[in-house]
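Student: Before we start, here is the structure in question, set down as structure tokens.
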Amino acid sequence: MKYQSILCATALMLGTVQPAAADVHLNLPKNAEVLTINGKSAVKSDSLILADGINQIAFRYSAQYRQQTDSVRYLSDVLIVRFDASAQTLALTLPAINSASDAKKFDESPKLALLNAQGEAVSFVSDKLIKHGIQLGRDFENEILQYNLSNHPASLNITLHTTAAQSNDATASSLTPVLSSTTAITASQPQVQHTPAVVSTYLAAPTVIVPTITAANDKTQQTTPASTPNQAEISQMLDYWYKLANDKTKASFKAKINQE
């Protein structure tokens with residue numbers, strides 16, 4: 001009788017034990033600047049822990065190389081990678097950029113690779129998030145939202161929930177992106193590549209839609225102010241314009257700096 005009680009207790013204990021949740025660990029090279037993870041702003045890190053299923057990251061490749069006696073800083077376009085994985089460790093690899101030629105080749109055709117712990121290639125889809133003109137103060141979270149709302153190669157399936165609230169004759173609506181990591185990729189989206197080949201479409205980012213609030217008796221519209229550029233972005237633009245300047249303009253610029 002006692003033996004049967006022990007067996008019953010053991011069975012109950014085993015029945016209540018839940019398996020540990022598995023995650024995807026993604027290791028990134030130090031020169032990859034992560035901008036968004038599954039549509040949300042990201043904090044720079046060399047290692048990410050993601051939920052099992054479909055995930056999407058947006059990042060830039062930041063590198064430096066020597067050109068004669070000058071040090072040139074390279075910053076790629078925003079790259080988007082979407083992949084489907086479960087309970088494994090992955091590593092994103094990027095080619096070395098040691099010259100202007102290497103930088104040009106990467107811009108024209110980014111060579112990315114996603115490898116598992118055994119060094120085997122993992123399927124993924126990639127694309128670019130292009131914005132023409134001045135790059136300062138970009139709202140990457142809003143840009144990737146507009147990208148995901150469209151049928152682009154590396155789009156992430158999201159659902160928009162609209163909530164209406166009325167107060168003092170004013171109506172406000174909000175759009176909340178909800179990730180659907182368990183939803184299968186629909187047929188309208190391109191199928192995931194089975195090689196680490198890159199799908200580059202050079203698509204321009206859709207125009208950012210700024211939500212507005214309209215009161216019943218007031219037609220004033222409010223827009224979200226542009227974010228203030230940080231020092232890294234300012235440095236990137238200085239590098240960009242300096243490269244475009246001729247020798248006379250460069251000499252004048254250096255003279256101004258030496259006077260300060």
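The values are calculated or read from the model by the stated rules, or taken from the named source; none is laboratory data. All values reported here derive from a predicted model rather than from experimental measurement. Neighbour counts run over all protein chains shown; Cβ positions are idealised from the backbone, glycine included. These accessible areas exclude ligands, DNA and RNA; they are computed on the full protein's heavy atoms, side chains included. Shrake-Rupley method; radii C 1.70, N 1.55, O 1.52, S 1.80 Å.
Student: Checking Ala42 against (1) at pLDDT 95 or above; (2) farther than 29 Å from Tyr242 by Cα; (3) of a type outside the set (Lys, Arg), only one condition comes out false. Which one?
Tutor: (1)
Student: Here is a follow-up. Could you name every one of the strands (runs of 3 or more DSSP E) located completely within the range 88-157 that has at least 2 residues being crowded, with 17+ Cβ neighbours inside 10 Å, modelled with pLDDT of 95 or more and under 13 Å from the mean Cα position of the chain (by Cα)?
Tutor: Per the criteria, 125-129.
Student: Take the residues of the range 31-84 that are assigned to a loop (DSSP other than H, G, I, E, B) and of a type in the set (A, V, I, L, M): which is farthest from Ile144 (Cα to Cα)?
Tutor: Val43
Student: If I ask for residues that are of a type outside the set (A, V, I, L, M) and either at pLDDT below 95 or open to solvent by 10 Å² or more (accessible area, probe 1.4 Å) (or both), which ones from the range 54-75 would you list?
Tutor: Once the filter is applied, which keeps residues that are of a type outside the set (A, V, I, L, M) and either at pLDDT below 95 or open to solvent by 10 Å² or more (accessible area, probe 1.4 Å) (or both), the range 54-75 yields Arg60, Ser62, Gln64, Tyr65, Arg66, Gln67, Gln68, Thr69, Asp70, Ser71, Arg73, Tyr74.
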